[in-house]
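One structure is given here, and the rest of the page talks about it.
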Amino acid sequence: MILDGNKPHKLLKIQDFPDIKQVINSQLHDVGNNNDRENSLHFWGWRSTLLIACLLGFGLITASCGSLLKESAEAQSQSPQEQRGGGATPVDVAIARTDVLEKQQEYTGTTTPLRIVSLRSQVEARLLALNLDVGDTVKRGQNVGQLDDAILLTELKQAEAELAALNSEVARATTQVSNARAAVEQRRLDAIQAQADSGRQQKLFQSGAIAEQTAQQARTEAQTAAQALRAAQEQVRTEQQAVAAAQGRVVAQQAVVAQAKERRSYTRLTSPITGVVTEKVTEPGNLLQAGGEVLKIGDFNRVKVVVQVSELELAQIQVGQSVQVRLDAFPNQTSIGRVTRISPAADATARLIPVEVVIPNNQGKIGSGLLARVNFATQTSQRVVVPQGSIQEEAGKAKETGKEQENRTGTLFVVTDIEGKTKVSARAVTLGKRADGKVEILSGLQPGERYVVGRGKPLKDGDAVRLSILSEKADAPMGN
């Protein structure tokens, strides 16, 4: 049996070919009639020839059937739409999306706290306790450790005792001043009395009632009383100066006491800022010298990143400029930072200039040592971007070899479904910048519309098309 060329799925019996059957029967008949005249060797020679002829015939028939099968398979592989479409052109279709044509350059740096403060011991003492470890959050003024204050407490008590003694001196000197003032008052009264007596004696001498010697003696006593008054007044001033000196010593000793109290307060370690402990330098039990480091505390309320910028880009950067910062640790987040400092000194070899950028960290999620990517470019508006090969520009406009011409027009074929048929419509579009084989569409094409990116032959407005397997589906997710 063989395959039917018109109906490949059916088989034909050999009796459908009478010529072949007749040849085989005649040969077998001749062999039977001549059996007596020929020997066995001659009979087998004819039989071999007959077998070869049959094989050649079957080979020709099989080749013919194979060709028919191939043509039938090609006919069946054609889709019903192609058979009905009357030669629809296959095209590759894409969906219009917005994008940034030119990717801005990014600079990498490492995050560090805005500031790092070292908590150090201000006195020589043994560390008794340390309440924090690396990663702990601390508030400003919070007690974080305790030093041994036994020696400082003794010094404070000694200073307070000396202050008490000096206060006693001041009290005694004050009493002396009071006594001196009382003596002055007594001497003043004596002087007044002596002056009165001297006056009376002078009158009696002038009247001849007493001798001149008696009058002179009264005058001498009055002068002596006046001199005693002046001495008493001077004693008051001396005692007042002693009180002032004693009070001065008291004030000095009060400063010593205050200093002793302040030094004793240094044994209580407190945080100078609000932040996070980044390093624990020592352990309880160690003897700390004055200035010995205990902890390092970082202020993570804001985080800074220092990037090395080429001198060619320096003109486009200024202090206070807003920048975009992305962290590899948080790939789906973009932070807005600000340029706070531009170093005046550049690397003489690499010609790179350190630029400091500060970003907010209100939630405290950004730590130290993370890789940061800084983009100094201003925010660029996104436009529809299509492959340059999908644009059919107007003939007769030569391509420029220097600066690319912008705002030119071109033709783009947009795919539409009209009355159940897929067709293309030629649409004029305004072209913008070009880069990396892509071109911006300033007007004429909206995001989400389907357009032709590849075609097998030139298209015209209204041509029927069919979508290739490489075409994007209408429900494909939008995005960059």
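The values are calculated or read from the model by the stated rules, or taken from the named source; none is laboratory data. Note that the structure is predicted; figures quoted are calculated from it, not measured. No Cβ is skipped: glycine too gets one built from the backbone with ideal geometry, and neighbour counts run over all protein chains shown.
List, please: which pairs have Cβ atoms under 7 Å, are six or more places apart or on different chains, and start with a residue in region 109-127 that is in contact (Cβ under 8 Å) with a residue 40 or more places away in the chain and at positive phi and end with one that is surrounded by 15 or more Cβ atoms within 10 Å (Cβ to Cβ) and among the small types (Gly, Ala, Ser)?
none
Specify the residue that is surrounded by the fewest Cβ atoms within 10 Å (Cβ to Cβ); the eligible residues are those in region 302-333 that are among the polar types (S, T, N, Q) and over 14 Å from PHE376 (Cβ atoms).
Among those residues, the one meeting the criterion is ASN332.
Anything in region 449-460 that is surrounded by 12 or more Cβ atoms within 10 Å (Cβ to Cβ) and closer than 19 Å to ILE418 by Cα? List them, or say none.
Answer for region 449-460, where residues must be surrounded by 12 or more Cβ atoms within 10 Å (Cβ to Cβ) and closer than 19 Å to ILE418 by Cα: GLU449, ARG450, TYR451, VAL452, LEU459.
Could you check, for region 334-341, whether at least one of its residues is β-branched (Val, Ile, Thr), modelled with pLDDT of 90 or more and within 30 Å of ALA96 (Cβ to Cβ)?
Checked region 334-341: at least one residue is β-branched (Val, Ile, Thr), modelled with pLDDT of 90 or more and within 30 Å of ALA96 (Cβ to Cβ).
Among strands (runs of 3 or more DSSP E) lying entirely in region 102-188, which contain 1 or more residues that are closer than 30 Å to ARG338 by Cα?
On the way: elements: 107-120, 125-130, 143-147.
Qualifying strands (runs of 3 or more DSSP E): 107-120.
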